[in-house]
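Report on one structure; see the data block that follows.
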Amino acid sequence: MDPRTTLLDCLRETIHLTGTKKGCDHGQCGACTVHINGRRVNSCLTFAAMHQADEITTIEGLGEPGRLHPMQAAFVEHDGYQCGYYTSGQIMSAVALLKEPCGPSDMDVKEYLGGNICRCGAYPNIVAAVQAVRRHSLL
Amino acid sequence: MRAFTFKQVARQEEALLLSDAHAGASPGEVRFIAGGTTLVDLMKLNVERPSVVIDINRLPLDKIETTPDGGVRIGALVRNGDCAHHPLLQSRYPALSQALLSGASAQLRNMATTGGNLLQRTRCTYFRDTVWTCNKRVPGSGCSAIGGANRMLAILGASEHCIATNPSDMNVALTALEATVHLQGKEGERSVAIDEFFHRPGTTPHIENVLRPGELITAVSLPAPAPGSRSLYLKLRDRATYEFALASAAVVLTAASGRITHVRLALGGVGTVPWRAHEAEAALLGKGPSPEIFRRAAEAVLQHARPQSENGFKVELARRCITHALTTAVAGGGEQYGS
Ligand SMILES: Cc1cc2nc3c(=O)[nH]c(=O)nc-3n(C[C@H](O)[C@H](O)[C@H](O)COP(=O)(O)OP(=O)(O)OC[C@H]3O[C@@H](n4cnc5c(N)ncnc54)[C@H](O)[C@@H]3O)c2cc1C
Ligand code: SF4
Ligand code: FES
């Protein structure tokens, strides 16, 4: 592989996992968010060659129609998207947030999801979806 | 993006040998890559054009350790997010934790490292776009920002050759906390006080710091916090998150018997380098805290401000940032250590 290939381009163009999206390609939107060894990162700002031994999780690895991840189901239930382009990045961030030291309030969730931009402005429903999953996982 | 040779190293000596072998020709020909959040971004824009990229992520520089003098040593590869959430750093150096958490996004902080953050480049629009002239990118070509879009740029420490801001939040906190940067080169190790690490632009804006070609940052260390001191970081920006500072302040302060007995103040978003406000510190030391004293301290720094066509507002914004940060610190808003 050409060493210039970013992890994002490798996922989309080489492995054909197109669920991870390219928005800005410069770390400014969060559409390309994936998990590397369980931590969320922007796949557009790292080279694929740096991750040969790493475990990468994309939206495809979270769940599929018929067996959705609880966060995917919550985004559907709360209508946490409009055009859907940035949704996979939002969901990857939201799932990572469940294990991060994020405070309980809606403001805390907004801060922790601040690195994921949504041009449609579906933010209130995204926050509702995340809070619903967090409440449920406390039960 | 220019094609490059990619190398991965597992040992520090290997990294130094490689970087030394390829340094030389022109600066920037060889680059280490840590988090990649500055380097990959700028390589895509053809602003960084290394022919060799050395991946240093496997070097054992990812530890946070206490030092015998009661301070702490933060490895160059500690991720900004891990540093921000480290319990010891959060309790002893809250300004550092707050500064890191105020920067970028959670994803970027999982990637970004201590060493990379120290060396992050300016966000000046013209630096990032090769269509424009820029002395920092192409020495001697001219500065498009003077008289151009300079709202975000510096009011302190600029020259006729460059008015770009150092955009880092971490660097501001490290400056107030009097950090030391540890370097390793082919000639051996050396340590540089953070106040001497960065160069103001002068006539050579492309030379941003004391790092020699091929030299590796290994760690940053902090002295023990002053007993009874509080520290905090205040950042003012265009939106509430995921945005660079227009003005910011890191304060370390001790007040005893109604007097300020110890104070360190550094500013971000307004200087060409992380700005240590020595004159403000002198105006505060030994005084009883009051709005009037804080205002005078702010004035002591900002009397030197030279605003550009679009950023005159930063002078008053920085004044208010300083006075608000000091007021909060004295009122106990910052965390207190060792009381
Ligand atoms: C969209 C966006 C928003 C951001 N917002 C903020 C913000 O609000 N506040 C803020 O402070 N920052 C912000 N940043 C910048 C971010 O903090 C830096 O990009 C990051 O800290 C750089 O660290 P890195 O490890 O990724 O560096 P890299 O990109 O890996 O490296 C940067 C430079 O340092 C060199 N280098 C790295 N490590 C070493 C070493 N150990 N020794 C010698 N040289 C080394 C590299 O060769 C390169 O030249 C933002 C970035 C983006 C993309
Ligand atoms: S301010 Fe500095 S970085 Fe910006 S265009 Fe001028 S020389 Fe280049
Ligand atoms: S595509 Fe990576 S952050 Fe926008």
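Derivation of every value follows stated rules applied to the coordinates shown; laboratory data play no part. The shown structure was predicted, so the numbers you read here are calculated from the model rather than taken from an experiment. Here Cβ is always computed from backbone atoms with ideal geometry, including for glycine, and neighbour counts include all displayed protein chains.
Evaluate the following for residue B:285: is it of a type outside the set (Asp, Glu) and more than 30 Å from residue A:109 (Cβ to Cβ)? Answer is yes for this residue. Considering each residue of segment A:77-92, count those that are under 11 Å from residue A:126 (Cα atoms) and either buried (at least 19 other Cβ atoms within 10 Å of the Cβ) or without any contact (Cβ under 8 Å) to a residue 12 or more places away in the chain (or both), and give that number. Looking only at that region, the number is 6.
Please specify each residue of segment B:135-193 satisfying the condition of being surrounded by fewer than 24 Cβ atoms within 10 Å (Cβ to Cβ), of a type in the set (Ser, Thr, Tyr) and more than 30 Å from residue B:17 (Cα to Cα). B:141, B:144, B:159 - these are the residues of segment B:135-193 that are surrounded by fewer than 24 Cβ atoms within 10 Å (Cβ to Cβ), of a type in the set (Ser, Thr, Tyr) and more than 30 Å from residue B:17 (Cα to Cα). For segment A:1-55, give me each residue that is more than 8 Å from chain B (Cβ to nearest Cβ), outside any loop (DSSP other than H, G, I, E, B) and touching a residue at least 60 places away in the same chain (Cβ under 8 Å). Passing the criteria: only A:35. Note on segment A:58-139: enclosed helices (runs of 4 or more DSSP H) holding 2 or more residues that are within 14 Å of chain B (Cβ to nearest Cβ) are A:87-97, A:106-112, A:123-138.
Among the residues making up segment B:81-100, those that are surrounded by fewer than 24 Cβ atoms within 10 Å (Cβ to Cβ) and touching a strand residue (DSSP E or B) at 6+ places or on another chain (Cβ under 6 Å) are B:86, B:94, B:98. Just so you know, in segment B:101-113 the residues that are more than 8 Å from ligand 1 (Cβ to nearest atom) and either over 16 Å from residue A:27 (Cα atoms) or touching a residue at least 12 places away in the same chain (Cβ under 8 Å) (or both) include one that is surrounded by the fewest Cβ atoms within 10 Å (Cβ to Cβ), and it is B:101.
Results for (1) more than 27 Å from residue B:221 (Cα to Cα); (2) away from chain A (no Cβ under 14 Å); (3) within 16 Å of ligand 1 (Cβ to nearest atom), shown as yes or no for each residue.
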position	(1), (2), (3)
B:152	yes, yes, yes
B:161	yes, yes, no
B:169	no, yes, yes
B:179	no, yes, yes
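Residues in segment B:94-137 that are near ligand 2 (Cβ under 9 Å from one of its atoms) and away from every other protein chain (no Cβ under 12 Å): B:121, B:122, B:124, B:125, B:126, B:127, B:132, B:133, B:134, B:135, B:136, B:137. Scan segment A:78-108 for residues that are within 17 Å of residue A:41 (Cα to Cα) and not small (Gly, Ala, Ser) and the total you get is 12. Evaluated against (1) away from ligand 1 (no atom under 16 Å from the Cβ); (2) at positive phi, residue A:27 falls short on exactly one condition, (1).
Pick out the one residue from B:72, B:78, B:30 that is buried (at least 20 other Cβ atoms within 10 Å of the Cβ), under 24 Å from residue B:134 (Cα atoms) and among the hydrophobic types (A, V, I, L, M, F, W, C). Within the list B:72, B:78, B:30, the selection yields B:30.
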